[in-house]
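Peer 1: Quick one: this structure, given as structure tokens, is what I'll be asking you about.
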Amino acid sequence: MLLAGKKMNCNEVDEVVNNLVSRDANCKDIAFVVNKVCQFMHALAENHWVAVKRILRYLKGTAHLGLLFRHGSGPRLQAFSDSQWQQDVIQAYSDSDWAGCPFDRRSTGGYAIYLGSNLISWAARKQRIVSRSSTESEYKAIADTVAELIWLRSLLRELGLVNHSPTLWCDNLGATYLSANPVFHAHTKHVEVDYHFVREQVTQGKLNVKFITTNDQIADVFTKPLSSQRFEFLRSKL
């Protein structure tokens, strides 16, 4: 955990962290840790610099890794189970770590979107407001993913690629049911209304939201710290 420690001069590590942010655009496996380090840029301590150096050592040891793009993967957007590749769909995972930050209890949301079997978009972001339940946190993560899916579908249409309605996989049953249930339940009234454009996409047949088990949730690598074995397993799916 990146707790407070002896303060450092931000200029000493500012350039290194900024380079990591740029590197994050190409290295999907460091998205979560880079997001965490950036949250302490205003008050860096020695232990934060230790974390940055650990990231650098990881990058040096994994320089041979990269993104694998398969030819003929297909133009359709969909989310999928990691146990099965589908070659003609866009696939997306959405996840969040409810109240994961010990300082402000905001959640970290993340997603991984695939075109066929190729990873084309990913993110790890701290949510803007505190969620009062895991369902709300997961639903916000779904909303962020849907916004990216809408943009990608628009881009594919401009390129002349026709695609079917994407499927988004979420490992929270409450958020999955909420996306399709027209009844606004009492225990979800605190969810901001603007996030309910997800339900509108589902109602119009432009999106399918389905449940996936936590063990199969690829987006976990973008939302929470993992054991080495679990991290390496999910990294192999990216």
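Peer 1: Output the residue which, of all residues in the stretch 198-220 that are more than 13 Å from ASP171 (Cβ to Cβ) and assigned to a helix (DSSP H, G or I), is farthest from the chain's Cα centre (by Cα).
Peer 2: Step one: list which residues in the stretch 198-220 are more than 13 Å from ASP171 (Cβ to Cβ), which gives 198-208.
Next, from what is left, pick out any that are assigned to a helix (DSSP H, G or I): 198-203.
Values: VAL198: 17, ARG199: 20, GLU200: 22, GLN201: 20, VAL202: 20, THR203: 24 Å.
Step by step, filter the stretch 198-220, then rank; the result is THR203.
Peer 1: Let me ask something else about it. Does GLY110 satisfy being open to solvent by less than 10 Å² (accessible area, probe 1.4 Å), at pLDDT below 85 and touching a strand residue (DSSP E or B) at 6+ places or on another chain (Cβ under 9 Å)? First the steps, then the outcome.
Peer 2: On the way: open to solvent by less than 10 Å² (accessible area, probe 1.4 Å): yes; at pLDDT below 85: no; touching a strand residue (DSSP E or B) at 6+ places or on another chain (Cβ under 9 Å): yes.
Here the answer is no, as GLY110 does not meet what is asked.
Peer 1: Would you confirm whether any residue within the stretch 211-220 is modelled with pLDDT under 75 and more than 25 Å from PHE69 (Cβ to Cβ)? Outline the logic, then answer.
Peer 2: Taking the stretch 211-220 and keeping what is modelled with pLDDT under 75, we get none.
Checked the stretch 211-220: no residue is modelled with pLDDT under 75 and more than 25 Å from PHE69 (Cβ to Cβ).
The values are calculated or read from the model by the stated rules, or taken from the named source; none is laboratory data. For clarity, every value in this text was computed on a predicted model and none was experimentally measured. Cβ atoms come from the backbone with ideal geometry, glycine included; neighbour counts cover every protein chain shown. SASA here: full protein model, heavy atoms, side chains in, ligands and nucleic acids out. Shrake-Rupley method; radii C 1.70, N 1.55, O 1.52, S 1.80 Å.
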